[in-house]
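See structure below.
The values are calculated or read from the model by the stated rules, or taken from the named source; none is laboratory data. The shown structure was predicted, so the numbers you read here are calculated from the model rather than taken from an experiment. In this analysis, Cβ positions are derived from the backbone assuming ideal geometry, glycine residues included, and neighbour counts consider all displayed protein chains. Please note that ligands, DNA and RNA were not included when accessible areas were found on the heavy atoms of the full protein model with its side chains. Shrake-Rupley method; radii C 1.70, N 1.55, O 1.52, S 1.80 Å.
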Amino acid sequence: MNETWQLIETTMNENPSPIQTENVRYEFHLTGDDSSVKQLVLANGIVEVTNDTSTKADCKLTLSSKDFMKLLAGDLNSTTAFMFGKLKVDGSIGLALKLEGLLKEYVFE
């Protein structure tokens, strides 16, 4: 999973246009076989993935690592996942929905 997080950081930093005006901190609580807790920080066109969760996130998302991979691939609709209990959101639902749109701007391969 660490390789996936590195890929997210690298890919988004290589094309900062979609996140240029974003200033938000997401925290992911991934469950299942590859469980982890990470923060995805978007600030002024720069993306940082960190293990440091001491700074309060604007939006916390809890989902399985398998569903997280589907979200990255564009194969998981966050609204549907939320309604069926596959995705739990603590904080702004609007930010969670916005994240899905931002991720669709990128291809993580």
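Tabulated data
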| read-out | value |
| --- | --- |
| Accessible area per residue, Å², the chain with all protein chains present, probe 1.4 Å | 56 Å² |
| For the chain: relative contact order, % (alpha-carbon pairs under 8 angstrom, 6 or more apart) | 25 percent |
| Percent accessible area from carbon and sulfur atoms, the chain, protein chains only, probe 1.4 Å | 48 percent |
| 18 Å tail of the calculated P(r), the chain, as % of Cα pairs | 44 percent |
| Dipole-positive endmost among SER64, ASN51, PHE108 within the chain (Cβ charges, Cα centre) | SER64 |
| Gained length - LYS70 relative to MET83, 0.36 nm times residue gap less alpha-carbon distance | 3.1 nm |
| Degrees, to the nearest 10: 2-14 long Cα axis against longest axis of the chain | 40 degrees |
| Angle in degrees between helix 93-103 and the longest Cα principal axis of the chain, rounded to the nearest 10 | 60 degrees |
| Relative intensity, log₁₀ I(q)/I(0), of the range 49-108 from a Debye sum that treats every alpha carbon as a point, q = 0.21 Å⁻¹ | -0.87 |
| Highest-fluctuation residue, GLU48, GLU27, GLU14 considered, GNM on the chain with Cα pairs under 10 Å | GLU14 |
| Charge dipole (debye, nearest 20) of the chain; +1 at Cβ of Lys and Arg, -1 at Cβ of Asp and Glu | 400 debye |
